[in-house]
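Engineer: Pasting a structure here, questions to come.
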Amino acid sequence: MSVTQPLVEVQNLKKYFPVTSGLFLQRKVGMVRAVDGVSFIINRGETLGLVGESGCGKTTAGRTLLGLYPATAGVVRIDGHDICSAKGRELLSIRRKAQMIFQDPYASLNPRWTVNAIVSEPLRVHKLIKNNKERSERVKELMGLVGLSGRLVNRFPHEFSGGQRQRIGVARALASEPLFIVCDEPISALDVSIQAQVVNLLEDLQDQFGLTYLFIAHDLSMVRHICDRVAVMYLGVIVELAERNELYEHYLHPYTRALLSAVPIPDPKKDRARQRIILTGDVPSPIHPPEGCRFHPRCPLAGEECRINDPQWREAAPGHWVACHKV
Amino acid sequence: MTKILEVNDLMTRFHTTEGMVYAVNGISFHLDEGETLAVVGESGCGKSVTMMSILRLLPMPPAQIAGGTAIYLGQDLLKIPDHEMEHNIRGKEIAMIFQDPMTSLNPVLTIGKQITESLRTHMFMDQAAAERRAVELLEMVGLSDARQRLKAYPHQFSGGMRQRVMIAMALACNPSILIADEPTTALDVTIQAQIVELVIRLREQIHMAIIWITHNLGVVAGLADRVNVMYAGYIVEEANVEDIYEDPSHPYTNALLAALPRVDRRRDRRLKSIAGAPPSLLVEPHGCPFAPRCEYVVERCGMETPRLTPVGRDHAIACWVDIKTGAQR
Amino acid sequence: MAKRGIPDPQPALSKIEGPVSALDELETPILTLSQLAWRRFRRHKMAVAGVIILILLVAYCIGGAFIFSESYANHTDTSLRLQPPAAEHPFGTDTTGRDILARTIYGGQISLLIGLTAMILEITVGVLIGAVTGFFGGWLDNILMRFTEAVLIVPQIFLLLVMAKFFGGNVPNIVFLGREFSGSVIVIVFIIGLTAWPYTARIVRAQFLSIKENEFILAARATGTSTWGIIFRHILPNSIAPIVVAATLGVANAITLEAYISFLGLGVRPPTATWGNMLEGAYNYIDQGVYWLWLFPGLLILFIVLSINFVGDGLRDALDPRSRAV
Ligand SMILES: Nc1ncnc2c1ncn2[C@@H]1O[C@H](COP(=O)(O)OP(=O)(O)OP(=O)(O)O)[C@@H](O)[C@H]1O
Ligand SMILES: Nc1ncnc2c1ncn2[C@@H]1O[C@H](COP(=O)(O)OP(=O)(O)OP(=O)(O)O)[C@@H](O)[C@H]1O
Ligand SMILES: [Mg+2]
Ligand SMILES: [Mg+2]
């Protein structure tokens, strides 16, 4: 494969939310450092997984990346355009190329719109198809693409099951023919038997259209299945990033190790035989993240150095990046 | 092993404006002393309704228990008087942890108040004794600073901590059966592992029987002794935990396992998904409920509902077809 | 594109699992949201009764005008004053001998007109201010909400009285729908409309505050929908239920308010009749056994306000997307 320019470049992206108090004058009393300096690239046609505990900043990273939250600092380039400084027409063109699939198939569809209106919204907004009739034709086509019958376009979201609603979300994301889709836990809310339907759909669409995904999840087994490379996030920073089999078989960071050991294996003998590393203590508050390495209060390997210095982000093996003093 | 709970042919329905909801359609299972039984099935298949029927927690109407028995130590829980249920069974002999740790704690009462409350009504303890026991319980579920935590309100706890408080409350009266309704579904993997670990430890300490409800077959592999797989208000397979994973004999169980990706294996195949969705419970069940989505379906499946029949030691399935040979039973 | 080294045997799209069948097979026709709303509304017995009473009242006010002329309604004949109900004057006559039946008809027109226009004014202002404050927040919200609260704190009736006194009599008469209306009607409409909007604004603001946090709004932004598109196409339709309820209550409220101020002698100027100033005219005679002076306009006000309230109740349930029972 020839070296091409990556589709998405993220450099030192930060997103802080102000914590305010007071009834009248909203005084800022602190900052939630939801995303605190993450950098990665996503190549064309690749799926990058982003995993981590609840509240570690995955959703915030995904949304800031698409410019849905204004970034506090950092640069995001999607297909060469800087999304943080883009405005007006340029922003609209990036929005067309970069789409999002939401975690909650119940909350992310307007309950008062028909499926037709929902899926055709991108077509209308980007003036891709002006004629109403052609637009409905295209909607039906998109519905077919995600495995739903075109006859259902006049229904309302509440008339569908969770898996079907997630497909409608996928159809909407595909409508503007994007290059890149941020999938924010697209399957967490679904039943196991339906999860596979949606994952297979995403894979098929990628094969057909050469899509690029950022796949956010906390289910590490699904991530191993669908992603090419995986980034592990902890408290607003990425602690390890590697090609998937490399990460799952030769993980380096103690947090990755704990995370992996917590995933249940559907095989009683194997599951009982393996050694679990149960993380003790709670996830520290992102308002006052620990000094030094953020993981040190819960880390079994933590030493003096970890309490003082931020570990460096380094390439421990080709393509395998990690931030830890001890490995 | 003695059976501590035996449920026979339980049927629960709801009368709603849209029609009758056939939520539980003749379920039979048993629970041995000290064992852990997992109940697995998709959302809406009737897992919660089964347990709530046994504990008579469903609002009636709309709910109606249309038939069956639930024998706990010789008495039928579906027949005993209400006050008997309230004072001697629920929360004392059989404790339940609910699906959502967020909504099952009262937000305006301290944790301490909520734990001591049940100790005082069921165990007739005075306030001081109840408080001592509450601290003991919180320590048992692994919360540090237990004494201070008694004064805390639920919102000051994280999801995992709240679920531990729920467990502590459930254990307060030394129940002989603990029913845990998807206690980890709302939590992420690391917290889920903590809770599973905690329950394994407590089970050894207290020696109680556990019914663990979940929709993810992966979670119970390391925890359960036996597994019941439910689908659309029926139990379709019942087996020892090893058999379920190594020798799944019902097409549904088989499909569920094939749909699970494995963290310990390299990707070697497309996930096998089950086409379609579970049937509407508004229609009176007719034939095998899984037939419309089943790849082994034969003509008989649409006409007769298969009953749970043994296929091996402690292993029963409800299916007309032997999925290994393709032969009909 | 053998990206994973394991090429899929066929181009995969043909293999995507087919549509979920359960919904497809349902033979029920597809209903639009308004059809659904109508179905739910229909089940609300009181609301349906309210609609019927409303239609009858409107027919009464409009149809009646074909039987009696306005000059007849305003015709005074002191020799006929305070006649009890009889065949000649079914509702009796008032203190200057005018026919009460004819006056309730023309007064009803005014009352309905006041109710509707004041409501439109109130809803327009309230929705605009509520939408802007709720959606944009920040200093704009702070300023506008403080202003709204200021308007709320001053008792509405007091404001009305002051404004009625101040503007009353300075506005020329207008002709509308072939009928001349006293300028005081316009004044009343404006002062009611301009004092009642804070309630609507607060409701709309609360709606906007909660709806804008929904994920589908974020989804719309991710799609590239403009801010105004989000406000008018996404959020407003989702807050329609409480707005409609506020609107129906607004009509009832305006009619009663007009009755209040007319009762206090500051409302629509005679000889133009309204149900309110007819009641006012009855005030001094309440203990003299001439019940027909206050009974008929009073009953009409009661009917219209009650029926509008019932309709509002029904609409609230019918338009709530969460009440799914059909
Ligand atoms: N709009 C906001 N205002 C203030 N704080 C926020 C906001 N959104 C997120 N946060 C905080 O930022 C942190 C990261 O949140 P985020 O939703 O990105 O986590 P996540 O990794 O997606 O978690 P989950 O797996 O539960 O979805 C959390 O501590 C959260 O409380
Ligand atoms: N009060 C009720 N009225 C009508 N139907 C009900 C009621 N409660 C439950 N049901 C129906 O009974 C069926 C079984 O519900 P139940 O809560 O047992 O599912 P579950 O297996 O626990 O699912 P989950 O995994 O989502 O908790 C569902 O189809 C549900 O819609
Ligand atoms: Mg998230
Ligand atoms: Mg349940």
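Engineer: Suppose we keep just the alpha-carbon trace of segment C:196-318; what are its Rg and Dmax in angstrom?
Structural biologist: 21.1, 71
Engineer: Here's a follow-up. What residue among A:W113, A:I194, A:L128 has its Cα farthest toward the positive end of the dipole of segment A:92-194, where the charges are +1 on Lys, Arg and -1 on Asp, Glu, each on the Cβ?
Structural biologist: A:L128
Engineer: So, one more: Segment B:151-211: D in µm²/s via Stokes-Einstein (Kirkwood Rh, Cα pairs, 20 °C, 1.002 mPa s)? Can you show the working numbers first?
Structural biologist: Working: Rh = 12.2 Å.
It comes out at roughly 175 µm²/s.
Engineer: Taking the Cα atoms of the protein assembly as shown alone, what are Rg (to one decimal) and Dmax (as a whole number) in Å?
Structural biologist: In order Rg, Dmax, the Cα atoms of the protein assembly as shown give 34.1, 112 Å.
Engineer: Determine the alpha carbon to alpha carbon distance for each of B:K92/B:K113; A:K270/B:K47; B:K113/B:K151; A:K58/A:K270 and list only those over 20 Å. Don't skip to the answer; put the middle values down first.
Structural biologist: On the way: B:K92/B:K113 17 Å; A:K270/B:K47 27 Å; B:K113/B:K151 8 Å; A:K58/A:K270 30 Å.
Among B:K92/B:K113; A:K270/B:K47; B:K113/B:K151; A:K58/A:K270, the Cα-Cα distance tops 20 Å for A:K270/B:K47; A:K58/A:K270.
Engineer: Which aspartates and glutamates have a Cα lying under 15 Å from the Cα of B:K79, excluding residues fewer than 8 positions away in the same chain?
Structural biologist: Straight-line reach from B:K79, under 15 Å: B:E6, B:D9.
Engineer: Here is a follow-up. Compute and list, largest first, the equivalent-ellipsoid semi-axes of segment B:124-184 from the alpha carbon gyration tensor, each √(5λ) rounded to a whole angstrom. Don't skip to the end; give the middle numbers.
Structural biologist: Details: eigenvalues 67, 57, 16 Å².
Largest first, segment B:124-184 gives 18, 17, 9 Å.
Engineer: For the residue pair B:R269 and C:F158, what label-to-label distance in nm results when each label sits 7 Å from Cα along the Cα-to-beta-carbon direction?
Structural biologist: Label-label distance for B:R269 and C:F158, simple model: 7.9 nm.
Engineer: In degrees, nearest 10, range 0 to 90: what is the angle between the Cα axis of helix B:189-206 and the longest Cα principal axis of chain B?
Structural biologist: 70
Engineer: Would you mind giving the mean number of other chain beta-carbons within 10 Å of the Cβ of each residue in B:212-220, as a whole number?
Structural biologist: Numbers: counts 0, 0, 1, 3, 6, 3, 9, 4, 4.
Partner Cβ neighbours, averaged per residue: 3.
Engineer: Let me ask you something else. Please list the three semi-axes, largest first and in whole Å, of the ellipsoid equivalent to segment A:77-154, using sqrt of 5 times the eigenvalues of its alpha carbon gyration tensor.
Structural biologist: Details: eigenvalues 132, 50, 26 Å².
Result for segment A:77-154: semi-axes of 26, 16, 11 Å.
Engineer: Using unit Cβ charges (K, R positive; D, E negative) and no other charged atoms, how large, in debye to the nearest 20, is the dipole of chain A about its Cα centre?
Structural biologist: On the way: 41 positive and 34 negative charges, 212 e Å.
Charge dipole, chain A, about its Cα centre: 1020 debye, nearest 20.
Engineer: Right, something else. Within a Cβ distance under 15 Å of A:L13, other residues only, what is the Lys/Arg minus Asp/Glu net charge? List each step's numbers first, then the result.
Structural biologist: Working: positive: A:K14, A:K15, A:R33, A:K58, A:R63, A:R77; negative: A:E9, A:D36, A:D82.
For residues surrounding A:L13, the net value is +3.
Engineer: While we're here: Suppose R0 equals 35 Å; then what is the FRET efficiency for C:R81 and C:L128 from their Cβ-Cβ distance, rounded to the nearest 0.05? Write down the numbers at each step before the final one.
Structural biologist: Values: r = 49 Å, r/R0 = 1.39.
It comes to 0.10.
Engineer: Here's a follow-up. Can you pull the mean other chain C-beta count within 10 Å for peptide B:248-258?
Structural biologist: Numbers: counts 0, 0, 0, 0, 1, 0, 0, 3, 5, 3, 2.
Partner-chain Cβ atoms within 10 Å, mean over residues of B:248-258: 1.
Engineer: At 7 Å along Cα-to-Cβ for each site, give me the label-to-label distance between C:E213 and C:W38 in nm.
Structural biologist: Here the modelled spin labels are 3.7 nm apart.
Engineer: So, one more: Looking at B:H207, B:A318, C:V175, which one has the Cα that reaches farthest to the positive end of the dipole of the protein assembly as shown (charges on Cβ: Lys, Arg +1; Asp, Glu -1)?
Structural biologist: Result: C:V175.
Engineer: Mind checking the angle between helix A:132-145 and chain A's longest principal axis? C-alpha axes, 0 to 90 degrees, to the nearest 10.
Structural biologist: 50
Engineer: Need one number: nm distance between label points at C:L140 and A:Q312, each 7 Å from Cα along Cα→Cβ, rounded to one decimal.
Structural biologist: For the pair C:L140/A:Q312, the computed spacing is 5.0 nm.
Engineer: Let me spell out the model: positive unit charges on the Cβ of Lys and Arg, negative unit charges on the Cβ of Asp and Glu, origin at the Cα centre of the protein assembly as shown. What dipole size does that give, in debye rounded to 20?
Structural biologist: Working: 96 positive and 95 negative charges, 444 e Å.
Charge dipole, the protein assembly as shown, about its Cα centre: 2140 debye, nearest 20.
Engineer: Put one equal scatterer on each alpha carbon of chain B, apply the Debye formula with no solvent term, and list log10 I(q)/I(0) at q = 0.14 1/Å to two decimals.
Structural biologist: The Cα Debye sum returns log10 ratios of -1.16.
Engineer: What's the Cα-based Rg to Rh of segment B:165-294, Rh via Kirkwood? Provide the component values of the computation, followed by the final result.
Structural biologist: Numbers: Rg = 16.8 Å, Rh = 16.8 Å.
For segment B:165-294, the value is 1.00.
Engineer: Run the lone-cysteine check on chain A: no other Cys C-beta under 4.7 Å from the residue's C-beta.
Structural biologist: Unpaired cysteines in chain A: A:C56, A:C84, A:C183, A:C227, A:C299, A:C324.
Engineer: Here's something else I'd like to know. Return one number: the angle in degrees, 0 to 90 and rounded to the nearest 10, between the long axis of the Cα atoms of helix B:111-123 and the longest principal axis of the Cα atoms of chain B.
Structural biologist: Around 80 degrees separate the two axes.
Engineer: Using only the Cα atoms of segment C:46-318, what semi-axes does the equivalent ellipsoid have when each is the square root of 5 times a gyration tensor eigenvalue? Give whole Å, largest first.
Structural biologist: On the way: eigenvalues 337, 79, 45 Å².
Semi-axis lengths for segment C:46-318 are 41, 20, 15 Å.
Engineer: Under 11 Å from the Cβ of C:H234, count the other residues' Cβ atoms, weight Lys and Arg +1, Asp and Glu -1, and hand me the total.
Structural biologist: Numbers: positive: A:R112, C:K212, C:R221, C:R233; negative: A:E121.
That works out to +3.
Engineer: Among the aspartates and glutamates, which fall within straight-line cross-link reach of C:K212, defined as a Cα-Cα distance under 20 Å, with same-chain neighbours fewer than 8 residues apart omitted?
Structural biologist: A:D104, A:E121, A:D184, C:D141, C:D320
Engineer: Looking at the P(r) of chain A, how many percent of alpha-carbon pairs lie beyond 33 Å? Numbers along the way, then the final one.
Structural biologist: Numbers: 16379 of 53301 pairs.
Percentage above 33 Å: 31.
Engineer: Once the dipole of the protein assembly as shown is set up with Lys and Arg at +1 and Asp and Glu at -1 on Cβ about the Cα centre, which of C:F136, C:L295, A:F102 lies farthest towards its positive end?
Structural biologist: It is C:F136.
Engineer: Among residues other than B:A129 whose Cβ falls under 13 Å from its Cβ, what is the net charge (Lys/Arg +1, Asp/Glu -1)? All intermediate terms of the calculation are to be shown ahead of the outcome.
Structural biologist: Numbers: positive: B:R120, B:R132, B:R133; negative: B:D126, B:E131, B:E136.
Net local charge, B:A129 excluded: 0.
Engineer: So what is the diffusion coefficient of segment A:209-327 in µm² per second by Stokes-Einstein at 20 °C and 1.002 mPa s, using a Kirkwood Rh over Cα pairs? Don't jump to the answer; show the numbers that get you there.
Structural biologist: On the way: Rh = 15.5 Å.
Rounded, D is 139 µm²/s.
Engineer: Please get the size of the charge dipole for segment B:95-158, origin at its Cα centre, with Cβ charges of +1 on Lys and Arg and -1 on Asp and Glu, quoted in debye to the nearest 20. Could the numbers behind the result be given before it?
Structural biologist: Details: 7 positive and 7 negative charges, 27 e Å.
Dipole about the Cα centre, nearest 20: 120 debye.
Read-outs throughout are calculated quantities, based only on the coordinates presented, and are distinct from any laboratory measurement. Quick caveat, the model's predicted, so the values are computed rather than measured. Because the Cβ atoms are built from the backbone with ideal geometry, glycine has one as well, and the counts that use them run over all protein chains shown.
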